[in-house]
Amino acid sequence: MRIRQAAIIGLPILLSAGVAQALEYGGRLLLTGGVNTIEGAAGGGLTPWAVIGGYGTRDQIGGNAFFSHVEIDDYRLEVRGAVLGLFDRVELSFAEQRFDTRQVGAALGLGAGFTFRQEVFGAKIRLAGDAVLDQDLWMPQIAFGVEHKRNNRGAILRAIGARDDEGTDYYLSATKLFLAQSTLLNATLRATKANQAGILGFGGDRRDSYRIQPEFSLAYLLNRHLAIGGEYRFKPNNLGIAKEDDWWDLFVAWAPNKHLSLTLAYVDLGNIVIRDRQSATYLSLQVGF
Amino acid sequence: MAIARYLVCLVALFAASSLRADPETFRAFGGVPGLTRVVDSFMEELLADPRTRPFFESVDQQNLKRLLVEQFCAELQGGCTYTGRDMRSAHQGQGITMADFNALVEALQKAMAREGVPFRAQNKLLAKLAPMYRDIVER
Ligand code: HEM
């Protein structure tokens with residue numbers, strides 16, 4: 001696993017060195033590749049956007065590696081992963097999430113520091129539009145994506161009522177930069193069975209069918225390097241034993257150049273298993289080209 | 001779905017504000033003298049950047065700068081008439097890529113920032129120019 005992870009994270013860096021000679025890269029405008037969601041895909045922190053990750057134009061390859069740390073009141077989530085953007089058309093992503101239950105694990109009899117690990121394999125294809133350049137059209141950039149998730153704690157997940165330790169989300173995103181207003185809007189519709197994004201498995205005793213959940217992001221550009229904004233992600237509520245709430249956040253993203261971005265957010269996660277009103281500090285570092 | 005309703009309102013607001021003529025932005029640029037300074041800086045940036053230099057080093061820069069001031073002034077409804085060629089004929093055959101186009105936008109962003117144009121005003125001009133990629137980018 002270590003090796004595979006290192007390989008995946010090293011990939012964009014190697015590519016950026018190797019590809020630099022063969023192909024031009026990094027031709028898109030600053031911040032137009034978004035940051036990385038906790039599931040890997042390019043977008044905000046919680047919701048994927050229709051933009052293709054990295055800064056590659058339609059003649060180029062782009063990509064990034066990222067690390068996100070979400071310090072929650074009673075839990076901790078760490079995510080590492082990478083994104084590869086191909087010709088501003090296709091995005092491939094990988095994320096490995098570690099959800100540490102800290103003392104809650106002990107309270108639940110799982111042991112302090114009991115950790116769920118989930119891998120998310122993502123793919124996204126841009127179907128139409130250009131979020132940044134088509135400023136004279138109402139047409140947003142539209143993309144379709146899938147996120148296949150694999151959780152490593154099948155036995156526990158079934159014990160709490162989840163139906164599966166694997167699942168696939170499908171989403172449609174529409175993203176538009178309103179440049180004259182320095183504002184970006186995104187709306188995503190996600191078909192999902194995931195409980196807490198899959199950390200608590202897929203489907204449940206209350207419901208075991210796909211539900212369509214909307215997600216929204218709004219970002220305001222303060223200057224070429226700095227954006228602030230918020231996101232809202234509706235969530236299903238499939239498990240009888242643990243109520244699940246919607247998520248929202250307020251973020252600031254800073255990109256001093258095309259190789260680095262830092263995102264800081266306040267996240268409200270609501271109830272998570274036996275702990276209500278969980279809020280978090282989210283910090284994400286992205287290195288890319 | 002209160003959020004959805006907010007979004008609809010926001011979009012409606014944007015629609016209203018982008019239809020209005022906008023003398024404020026032209027003033028934020030400092031009128032024609034301000035645009036002239038921006039375009040001078042812009043040409044310096046274009047010639048300093050190895051990605052854009054090859055396109056501009058051997059053209060009549062004085063004439064091009066004059067046409068750019070006219071064009072930007074006209075786009076901002078500053079009362080100028082653009083007398084140059086249309087974007088398709090001006091750029092045809094140069095093999096301009098999307099990356100070249102974005103490099104030029106970056107040069108313009110830097111020039112506007114250097115000349116102290118407020119960020120929101122910068123974006124209003126860029127919003128007028130961005131769709132021109134369809135006539136300019138060939139590959
Ligand atoms: C929105 C972006 C752009 C705008 C608004 C713009 C505007 C103009 C204007 C007004 C002219 C003068 C036309 C004339 O001579 O009658 C011109 C010429 C020219 N443009 Fe652009 N341009 C843009 C993008 C580009 C790009 C991306 C490149 C290359 C990287 C480029 C390279 C040139 C060159 C070399 C000329 C001179 C052509 C000649 O004199 O034969 N332009 N442009």
*Filter result (within 14 Å of chain A (Cβ to nearest Cβ), touching a helix residue (DSSP H, G or I) at 6+ places or on another chain (Cβ under 8 Å) and more than 7 Å from the ligand (Cβ to nearest atom)) within segment B:60-104*: B:Glu75, B:Leu76, B:Gln77, B:Met98
*Does A:Ala265 qualify as being within 21 Å of B:Ala113 (Cβ to Cβ) and of a type in the set (Gly, Ala, Ser)?*
no
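Restricting to segment A:192-231, and then to whatever is of a type in the set (Gly, Ala, Ser) and surrounded by fewer than 21 Cβ atoms within 10 Å (Cβ to Cβ), can you tell me which residue is nearest to the other protein chains (Cβ to nearest Cβ)?
The initial filter retains those residues of segment A:192-231 that are of a type in the set (Gly, Ala, Ser), namely A:194, A:197-198, A:201, A:203-204, A:209, A:217, A:219, A:227, A:229-230.
Keeping just the survivors that are surrounded by fewer than 21 Cβ atoms within 10 Å (Cβ to Cβ) gives A:209, A:230.
On the way: A:Ser209: 21, A:Gly230: 10 Å.
Restricting to residues being of a type in the set (Gly, Ala, Ser) and surrounded by fewer than 21 Cβ atoms within 10 Å (Cβ to Cβ), the top hit is A:Gly230.
Within segment A:57-78, is even one residue assigned to a loop (DSSP other than H, G, I, E, B), in contact (Cβ under 8 Å) with a residue 40 or more places away in the chain and aliphatic (A, V, I, L, M)? Walk me through it before giving the result.
Residues of segment A:57-78 that are assigned to a loop (DSSP other than H, G, I, E, B), as a first pass: A:57-60, A:73-75.
Then keep just the ones that are in contact (Cβ under 8 Å) with a residue 40 or more places away in the chain; that gives A:73-75.
The next check asks that each one be aliphatic (A, V, I, L, M); those that pass are none.
Scanning segment A:57-78, I find no residue that is assigned to a loop (DSSP other than H, G, I, E, B), in contact (Cβ under 8 Å) with a residue 40 or more places away in the chain and aliphatic (A, V, I, L, M), so the answer is no.
Regarding B:Arg53, is this residue at the interface with chain A (Cβ under 9 Å from one of its Cβ atoms), more than 9 Å from the ligand (Cβ to nearest atom), within 28 Å of A:Arg58 (Cα to Cα) and open to solvent by 50 Å² or more (accessible area, probe 1.4 Å)? Don't jump to the end; show me each part of the working.
Values: at the interface with chain A (Cβ under 9 Å from one of its Cβ atoms): no; more than 9 Å from the ligand (Cβ to nearest atom): yes; within 28 Å of A:Arg58 (Cα to Cα): yes; open to solvent by 50 Å² or more (accessible area, probe 1.4 Å): yes.
The answer is no for B:Arg53.
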*May I ask you to list the residues in segment B:121-136 that are more than 13 Å from the chain's Cα centre (by Cα) and at the interface with another protein chain (Cβ under 9 Å from one of its Cβ atoms)?*
B:Arg134
*Tally the residues that are in contact with a His (Cβ under 9 Å, 6 or more places away or on another chain), farther than 14 Å from A:Gly230 by Cα and buried (at least 17 other Cβ atoms within 10 Å of the Cβ), restricting the search to segment A:264-284.*
1
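The values are calculated or read from the model by the stated rules, or taken from the named source; none is laboratory data. Remember, it's a predicted structure, so these values are computed and weren't measured experimentally. Here Cβ is always computed from backbone atoms with ideal geometry, including for glycine, and neighbour counts include all displayed protein chains. For accessibility, only protein heavy atoms count, side chains too; no ligands or nucleic acids. Shrake-Rupley method; radii C 1.70, N 1.55, O 1.52, S 1.80 Å.
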